[in-house]
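Worksheet for the structure shown next.
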Amino acid sequence: MTAIDKLLHRHATGVDHGAPEVPTPVPSLHLAVVTCMDARIKVFDVFGLGHGEAHIMRNAGGVVTDDVIRSLAISQRKLETREVIVMQHTSCGLSLITEDEFKDELERETKLRPTWAIEAFRVVEDSVRQSVERVRRSPFVPHRGDVRGFVYDVRTAELTEVE
């Protein structure tokens with residue numbers, strides 16, 4: 001049985017009944033969270049979020065990319081979010097690679113060099129600062145006053161704000 005088959009079985013036999021109590025795609029806290037795709041991060045648990053309270057955007061590293069700006073623009077302009085959390089974490093896979101090495105590897109294997117940035121980093125706090133600044137400077141995101149960045153420690157669950 002594949003992983004997808006296992007998940008389909010879990011869904012069929014599980015307790016998910018949709019969200020009939022959440023009548024709108026507008027998150028009740030008017031909050032968007034940008035974080036990493038790392039499977040160790042349970043975003044709803046980290047912040048004690050309930051169903052329907054926030055938009056969650058995940059990618060490799062929790063980095064604010066053009067696609068994240070796209071999602072934030074839609075989230076704010078059409079779905080009433082007003083605040084943004086950028087949360088990256090310790091022991092991230094993006095801190096273990098470099099931009100050029102990974103692009104070189106992909107080019108060797110595929111004969112094509114990616115046009116997109118890997119967004120690798122060494123110091124997670126610096127990456128958080130850069131991502132927060134990208135949101136704050138984007139003309140497409142109208143509500144930039146409440147954008148805050150954090151580092152989540154995957155070993156201790158400590159959450160530290162990055163100034």
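Evaluate the charge dipole of the stretch 24-162 about its Cα centre and quote only its size in Debye, nearest 20, assuming +1 on the Cβ of each Lys and Arg and -1 on the Cβ of each Asp and Glu.
Using Cβ point charges on Lys, Arg, Asp and Glu, the stretch 24-162 gives about 460 debye.
Going by a ≥ b ≥ c, the root eigenvalues of the Cα gyration tensor, does the stretch 49-115 fall in the rounded group (a/c under 1.5), the prolate group (a/b larger than b/c) or the oblate group? Don't skip to the answer; put the middle values down first.
Working: a/c = 3.51, a/b = 2.00, b/c = 1.76.
Judged from the Cα gyration tensor, the stretch 49-115 comes out prolate (a/c at least 1.5, a/b above b/c).
Quick check on packing: order 13-20, 155-162 by the mean number of other C-beta atoms within 10 Å, highest mean leading.
On the way: 13-20: 7.2, 155-162: 11.9.
Peptide ranking by packing, descending: 155-162, 13-20.
Between (i) -0.44, -1.03; (ii) -0.26, -1.08; (iii) -0.36, -1.17, which matches log10 I(q)/I(0) by the Debye sum over Cα atoms at q = 0.09, 0.18 Å⁻¹ calculated for the structure shown?
So the calculated entry is the one marked (iii).
Go ahead and run the numbers for FRET between residue 60 and residue 140, Cβ-Cβ distance against an R0 of 22 Å, rounding to 0.05. Write down the numbers at each step before the final one.
Values: r = 22 Å, r/R0 = 0.99.
Efficiency, from the Cβ-Cβ distance: 0.50.
Be a star and scan the stretch 30-59 for residues whose amide nitrogen sits under 14 Å from the point 7 Å along the Cα-to-Cβ vector of residue 21.
49-53
Counting other Cβ atoms within 10 Å of each Cβ, which trypsin sites (Lys or Arg not before Pro) in the stretch 29-123 have at most 16 and sit in a DSSP loop?
Values: sites: 40, 42, 58, 70, 77, 78, 82, 103, 108, 111, 122; in loops: 40, 42, 82, 111, 122.
Filter output for the stretch 29-123: 40, 42, 82, 111, 122.
Name all residues of the stretch 148-163 having a backbone nitrogen under 11 Å from the label point set 7 Å from the Cα of residue 91 along its Cα→Cβ direction, giving them as ranges.
Hits in the stretch 148-163 for residue 91 at 11 Å: 153-157.
Just subtract the alpha-carbon distance of residue 13 and residue 163 from 0.36 nm times their residue separation and send over the number in nm, one decimal. Kindly include the intermediate steps, with their values, before the conclusion.
On the way: separation 150, 0.36 × 150 = 54.00 nm, distance 4.50 nm.
Between residue 13 and residue 163, full extension yields an extra 49.5 nm.
Under a point spin-label approximation (7 Å from Cα along Cα-to-Cβ), what is the residue 125-residue 78 distance to one decimal in nm?
3.9 nm
Which residue, 65, 55, 26, has the largest displacement toward the positive end of the dipole of the stretch 7-78 when charges sit on each Cβ (Lys, Arg +1; Asp, Glu -1)?
65
Read-outs throughout are calculated quantities, based only on the coordinates presented, and are distinct from any laboratory measurement. Everything numeric here is computed off the predicted structure, so don't read it as measured data. Neighbour counts run over all protein chains shown; Cβ positions are idealised from the backbone, glycine included.
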